[in-house]
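Trainee: Here's a structure for you.
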Amino acid sequence: MDDEDESTAEELGKHISDYVRGLTEKQRYIFMSRYYFAEPTESIANDLRLTKSSIYKELTRIKNGLREHLERNGIYV
């Protein structure tokens with residue numbers, strides 16, 4: 001990884017962290033459980049006493065919000 005790639009990765013990481021810090025506690029738990037700890041949605045649903053469907057819907061909302069946040073900051077994925 002060259003210096004430019006490393007700088008871009010650091011900037012992307014900062015923007016993702018900023019977005020995640022702005023989520024509700026429940027949304028943060030869902031996001032981190034699924035994408036950082038790679039927990040199955042069924043496990044997350046059981047932990048929160050929700051349906052798998054509601055977890056999928058929340059993940060979609062979170063991902064869409066993250067995409068919008070990144071695009072507002074000039075990052076397109």
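Trainee: Kindly establish whether Glu6 is surrounded by fewer than 14 Cβ atoms within 10 Å (Cβ to Cβ), charged (D, E, K, R) and either modelled with pLDDT under 95 or in contact with a helix residue (DSSP H, G or I) (Cβ under 9 Å, 6 or more places away or on another chain) (or both). Can you show your working first?
Mentor: Values: surrounded by fewer than 14 Cβ atoms within 10 Å (Cβ to Cβ): yes; charged (D, E, K, R): yes; either modelled with pLDDT under 95 or in contact with a helix residue (DSSP H, G or I) (Cβ under 9 Å, 6 or more places away or on another chain) (or both): yes.
Taking the combined requirement at face value, the residue satisfies it.
Trainee: When you scan the stretch 9-39, how many residues do you find that are of a type outside the set (A, V, I, L, M, F, W, C), closer than 16 Å to Gly65 by Cα and outside any helix (DSSP H, G or I)?
Mentor: Count: 2.
Trainee: Here's a follow-up. Determine whether Tyr56 is over 26 Å from Ala9 (Cα atoms), modelled with pLDDT of 95 or more and hydroxyl-bearing (Ser, Thr, Tyr). Working first, answer last.
Mentor: Numbers: over 26 Å from Ala9 (Cα atoms): yes; modelled with pLDDT of 95 or more: yes; hydroxyl-bearing (Ser, Thr, Tyr): yes.
Judged against the criteria, Tyr56 is a match.
Trainee: Could you say which residue among Glu42, Glu6 is part of a helix (DSSP H, G or I) and touching a Lys or Arg at 6+ places or on another chain (Cβ under 6 Å)?
Mentor: Being part of a helix (DSSP H, G or I) and touching a Lys or Arg at 6+ places or on another chain (Cβ under 6 Å) holds for just one of Glu42, Glu6, which is Glu42.
Trainee: Considering only residues that are assigned to a helix (DSSP H, G or I) and among the β-branched types (Val, Ile, Thr), look in the stretch 49-63 and name the one that is nearest to Gln27 (Cα to Cα).
Mentor: Ile62
Trainee: So, Thr51, is that one among the polar types (S, T, N, Q) and either surrounded by fewer than 15 Cβ atoms within 10 Å (Cβ to Cβ) or within 22 Å of Tyr76 (Cα to Cα) (or both) or not?
Mentor: yes
Trainee: Which one of these is of a type in the set (Phe, Trp, Tyr) and surrounded by 11 or more Cβ atoms within 10 Å (Cβ to Cβ): Tyr56, Tyr76?
Mentor: Just a single option satisfies the conditions, and that option is Tyr56.
Trainee: Step by step: first the residues of the stretch 64-77, then only those that are part of a helix (DSSP H, G or I) and touching a residue at least 12 places away in the same chain (Cβ under 8 Å), then the one that is farthest from Lys26 (Cα to Cα). Which residue is that?
Mentor: Per the stated criteria, the residue is Leu70.
The values are calculated or read from the model by the stated rules, or taken from the named source; none is laboratory data. Everything numeric here is computed off the predicted structure, so don't read it as measured data. Note that we place each Cβ from the backbone using ideal geometry, even for glycine, and neighbour counts take in every protein chain shown.
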